[in-house]
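Q: Questions regarding the structure given below will be posed in turn.
Just so you know, all these numbers are worked out from the coordinates, no wet-lab data involved. Keep in mind that this is a model prediction, so the values were computed, not measured. Counting neighbours? That spans all protein chains shown, and the Cβs are built from the backbone with ideal geometry, glycine included.
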Amino acid sequence: MSVRVVARIRPLLKLECAKDTIVEGSPAGAERPGSPTLVRIPNPKNESESFSFQFHGVYDQEATQQEIFEKEISPTVKHLFGGFDVTIFAYGVTGTGKTHTMRGGKSLADRGVIPRLLSAIYRRSRKIEKDSGGETSVEVAMSYYEIYNDRVYDLFEAPEKRTAAGLPIRDNGGKTVVVGLSERTCWTLKEFEQLYDQANVNRSTSATKVRHLVLDRLNAHSSRSHAIVCIKVTQTSPTQTRTSTVSAIDLAGSEDNRRTDNNKDRLVESASINKSLFVLAQCVEAISKKQSRIPYRESKMTRILSLGQNNGLTVMILNLAPVRAFHLDTLSSLNFANRTKKIEVNEVENEPVFRAANGPGGAKPGPAHVSGANI
Ligand code: ADP
Ligand code: MG
């Protein structure tokens with residue numbers, strides 16, 4: 001099974017002009033009008049030519065949050081409850097709609113992938129509990145952290161409580177785990193939403209205190225950190241316990257910061273962001289060329305994502321801005337995505353832990369599974 005790669009082209013924003021539109025989605029063949037799978041973009045060196053890239057799906061400016069969720073994310077929920085891990089990540093330049101896609105806005109229609117996913121998980125949990133006549137129970141636990149300058153910070157911790165070095169990570173039976181990451185059980189969607197909103201405040205007001213996304217997009221803290229939500233679903237019946245995890249990742253902006261006029265402080269951060277996404281690109285290239293050495297260990301983000309190793313069913317959403325101002329960065333995102341779609345991923349089935357029917361002590365503990373690690 002390969003990584004499923006879908007592109008989403010965002011609408012024009014207020015200050016953008018229709019005449020600067022250069023990226024468009026189009027159907028791959030006349031036989032399927034209305035379902036684009038190609039993205040077209042001019043060759044920057046010769047605009048009379050265009051490049052096209054094919055993906056598993058392409059969503060244009062008209063696509064709603066609901067449509068993205070129903071077509072791309074909703075089908076993964078079944079796998080999750082079947083005991084498989086799922087990874088969903090948004091990749092793209094700052095300002096292309098990654099956070100809009102993953103988190104979205106406050107109104108019901110604007111909600112992004114993550115709140116919709118949780119809503120679907122609770123709905124399915126309640127159904128499973130009801131259908132089993134109350135014999136099976138489902139517990140949903142969440143952890144949420146960011147990777148910033150190659151350091152891992154728990155987003156349930158207030159920024160002032162962070163240690164500069166961040167949390168360590170280590171390998172645990174083939175999965176990378178974040179040591180000391182907190183995990184919160186959320187019994188209802190409402191509980192989840194409260195925790196998620198609070199944690200997002202910790203993300204946007206952390207360390208650098210940069211809050212202004214509009215005036216200086218590139219300066220925003222959130223553009224330079226990877227935010228990772230892990231949802232652990234544990235299903236317990238009288239005979240077994242099964243745990244699986246879905247990880248939803250809003251990656252840092254993939255822009256090439258060498259093209260911007262950075263001051264000295266920013267350069268350190270940019271270099272580091274560049275580094276983890278650069279290492280990711282190298283990993284993707286090495287995997288697609290079937291090389292034996294994949295440089296996962298060269299950044300924390302790639303160790304944690306471990307694309308093509310043990311991240312389970314994987315969906316990548318490539319966010320694109322339609323306008324010329326993003327031309328070169330858009331092209332490099334498209335090239336990255338093109339290589340990513342060739343990566344084979346393993347479906348990781350988490351073995352259920354069975355209980356002895358009448359054994360002393362009754363239930364065994366659930367599977368050894370450290371929060372936030374399983375991506
Ligand atoms: P990123 O996280 O990739 O930096 P954002 O999600 O912050 O980008 O999006 C940049 C801007 O574009 C925001 O103002 C956001 O509301 C808007 N935007 C992005 N995608 C869409 C969309 N599909 N529909 C409407 N507005 C969008
Ligand atoms: Mg963002």
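Q: Want the number for residue 107 to residue 163: 0.36 nm per residue separation, take away the alpha-carbon distance, what's left?
A: Details: separation 56, 0.36 × 56 = 20.16 nm, distance 3.51 nm.
Extra length from residue 107 to residue 163 when fully extended: 16.7 nm.
Q: Please list 3J(HN,Hα) in residue order for region 68-84, calculated via the Karplus relation 6.51 cos²θ - 1.76 cosθ + 1.60 where θ = phi - 60°; whole Hz, with x for glycine and proline.
A: Listing the rounded values in order: 4, 5, 5, 7, 9, 9, 3, x, 6, 5, 4, 4, 4, 6, x, x, 9 Hz.
Q: How much net charge surrounds residue 25 when only the other residues with a Cβ under 11 Å from the Cβ of residue 25 are counted, with Lys and Arg +1 and Asp and Glu -1?
A: Values: positive: 8, 40; negative: 24, 60, 62.
Once positives and negatives cancel, what remains is -1.
Q: Any idea how far apart residue 17 and residue 286 come out in nm if each label point goes 7 Å out from Cα toward Cβ?
A: Simple spin-label model gives 4.6 nm for this pair.
Q: Pull out the extension gain between residue 2 and residue 351, defined as 0.36 nm times the separation in residues minus the alpha carbon to alpha carbon distance; nm, one decimal.
A: Net length gain for the segment: 123.4 nm.
Q: Would you order 147, 9 from fewest to most other beta-carbon atoms within 10 Å of each residue's own beta-carbon? Let's see the in-between values first.
A: On the way: 147 29, 9 24.
Final ranking by Cβ density, sparse to dense: 9, 147.
Q: Sticking with this structure for a sec: What net charge is computed for the residues neighbouring residue 227, neighbours being all others with C-beta under 13 Å from the C-beta of residue 227, Lys and Arg scored +1, Asp and Glu -1?
A: Values: positive: 98, 103, 203, 224; negative: 146, 154, 250.
Combined, the nearby Lys, Arg, Asp and Glu give +1.
Q: Under unit Cβ charges (Lys, Arg +1; Asp, Glu -1), what dipole magnitude, rounded to 20 debye, does region 92-174 have relative to its Cα centre?
A: Details: 14 positive and 11 negative charges, 84 e Å.
Computed charge dipole of region 92-174: roughly 400 debye.
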